[in-house]
Structure formats: C-alpha cells, structure tokens
1. Please give, to one decimal in nm, the separation of the simple spin-label points placed at Phe27 and Val152, each 7 Å out from Cα toward the Cβ.
2. Express in nm, to one decimal, how much length is gained between Leu268 and Ser57 on full extension, taking 0.36 nm for each residue of separation and deducting their alpha carbon distance.
3. Determine the alpha carbon to alpha carbon distance for each of Lys249/Lys290; Lys102/Lys255; Lys102/Lys249; Lys106/Lys249; Lys240/Lys281 and list only those over 24 Å.
4. Mind listing which trypsin sites (Lys or Arg not before Pro) in region 1-90 are in a DSSP loop and have 10 or fewer other Cβ atoms within 10 Å?
5. Using a 1.4 Å probe on the protein heavy atoms only, what accessible surface does Asp122 show? Give it in Å² to the nearest 10.
6. Convert each backbone phi in region 172-177 into a coupling constant with the Karplus relation 6.51 cos²θ - 1.76 cosθ + 1.60 (shift: θ = phi - 60°), then list the ³J(HN,Hα) values in order as whole Hz, x for Gly and Pro.
7. Show me 4-11, 209-216, 88-95 ranked by packing, highest mean number of other Cβ atoms within 10 Å first.
8. With just the Cα atoms defining each centre, how far is region 1-76 from region 116-169? Give it in Å.
Amino acid sequence: REYSPADLLNQTWVASGRLNFAPGTNFSYSSTNFVLLGLLLAHASGEVEWDSFEQRSILNRLPFSRRRLYNQTIFAVSGAPKDYTKVHGFDRTSYNGHDPKKLPGKDVWGVHGVYGGWTASDLTAPAIDVARFSYDVYGVQGVKLLSEATRVVMVPTASRIYGFGTFNLSFMSGQSSGGPYFNAYGHLGATYGYQSLVAYFPGIDMSLAIATNIETDFQAQPAEAMCLAYNAVLQIVINKSITCTFVGKGYYDRKCDCGNNYICDAALMMCVPNLRGTLSKDDCERECGKQ
C-alpha cells in the first residue's frame, strides 16, 4: 500500500506523544525527522499539498550546464521501484522474516510503499548522480548547493558520528587517523530491497557513491565496496601502493583494514598493534613522541 507522510507520522510507534530526551541533550538517528523536514519545506515553498513540492528545486542554485547532468535523478512520490528503474531490489534480511542465505532474496521491485518515507527515502538515481550531488554539497570546485556556513554545521566533528544530515564515515576509510586521507563524511542509504552509501573525501576532494540492489541485515556490502574503491583511487592519486581488506560483517565489528591499526600504549610509551587502532606505524610513533 501507499503511505503518505501523515500515515507514517501517525503510526503508534512514531506518534508516541512524548520526547525520548530533551532537544540538544542526546542523539538518536530518526528517519521520520526527514519526513517532517520535507513537510516544512513544502509549506515554506507555498505548496498546499505535500506531494506538489518539487524536491528537484534544491538544484536550482546550480548553473544550467551542471543542473542538466541530473536528468536521470528522480524523486519518487508514489508507486513501486519498477515505475522508475529497471533494477530489481532483493530483501535478504532476517528482520523482515527472510532467510539471508536464500539467494537472491525476495524481489521487491514491484512493491508499493518502498517510497513511503518520501523525503527520507524517495531518491532514485544512477550512482554517478548521487556522487555528483555529494560533491555539489561538500566539494571544493564549482558552484555549491549550500553556503560554506551551512556545510560547516552539517559536517560532524571528529568526536561525533553525526552532524546535520551527515554521517562521520572516517572510520570506514581505512586510512591513518593521523594522516591527510582519513576523513570522510556523507550518508548511508537503506530502503526495502536496496542499500547504498555516498561519501566525500576532503583529502583528495572526491565523492564516491555505492549502490547495491540487496538489503542485508548489517548493510556491510556498501561499506566493503567503499573501502576497496576509495583506496584503489587513493593509491593512484598519491602514487603509493595500498593493500586493504574488509573484515567483519556486523555493524560495529567491521573494518576497512589497510594496515593502519596501531595505537600509542601510554604505559609502554610505544606503538603497538590493536584491533581498535587507527594510526599508521609512522603516525603512531610521531604521536608517541609527543607524550
């Protein structure tokens, strides 16, 4: 079935009538907040009906020569994926009652409701368009979609996992946290039968988008692709061989391992390998030398 924003926001598990915590005192990711934001934007644009709001208007700030490159970008308000793309999506998740080992999974290409999240889940586009959009938000060159002041607010600080609409993805880069190529930020994407990831890497001023047509329990496949793809590009840019492996399959135990797994042991005053280490040996030795 189709779900309007009002349908979703009035579900009992959403419309609880209370706050989980006082604003500004804690953090909890919530897709329904993106639905609320969409309603606010529609109202601010003078629309009477929510589905009349033209989400592509965000691109209006770009020059026409750049904007026309987004000709395959669609914001789907209703319908099923089959109405917008030829790419079938497959659900392999145990939380939706499926056997993750049974391949290819449940085909959800014709299922209505996939776009029910509206401004939280209705972007359908080629990966190159999503990478371009990320660059037009965060990148250095060309006209940007947002002001520098807005981008500063969006990008999370090193100690935070989330800013304003932006995940800190540095832990997925595989690079040394003491070097110039560690930082990465962007967003994870997940809807019924499809999972994705987009990241911007300021160290080389590059955006990368990963699109997959499967939904898995731990969303590991986009992270693995990003790990290997980013470091494949990086080694060409800096002309240095980089070897990486992706280890772990859970949300919290997976890692892009490029050998940057050292920490400075304060008691020993020396660098030691550690599963939670994020420094190269050289960077670690410099850090240890400062203590």
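The values are calculated or read from the model by the stated rules, or taken from the named source; none is laboratory data. These numbers were taken from a predicted model, which means no experiment stands behind them. Counting neighbours? That spans all protein chains shown, and the Cβs are built from the backbone with ideal geometry, glycine included. To get the accessible areas, we keep the full protein, side chains included, count just its heavy atoms, and leave off ligands, DNA and RNA. Shrake-Rupley method; radii C 1.70, N 1.55, O 1.52, S 1.80 Å.
1. Inter-label distance under the simple model: 1.9 nm.
2. Once the chain is fully extended between Leu268 and Ser57, it gains 70.2 nm.
3. Details: Lys249/Lys290 36 Å; Lys102/Lys255 26 Å; Lys102/Lys249 17 Å; Lys106/Lys249 21 Å; Lys240/Lys281 16 Å.
Listed pairs above 24 Å: Lys249/Lys290; Lys102/Lys255.
4. On the way: sites: Arg1, Arg18, Arg56, Arg61, Arg66, Arg67, Arg68, Lys82, Lys86; in loops: Arg1, Arg18, Lys86.
The qualifying sites are Arg1, Arg18, Lys86.
5. In the full protein context, Asp122 sits at about 10 Å².
6. Once rounded to whole Hz, the list reads 8, 6, x, 8, 5, 5.
7. Listed from highest to lowest mean packing, they are 209-216, 88-95, 4-11.
8. Centre-to-centre distance over Cα atoms comes out at 15 Å.
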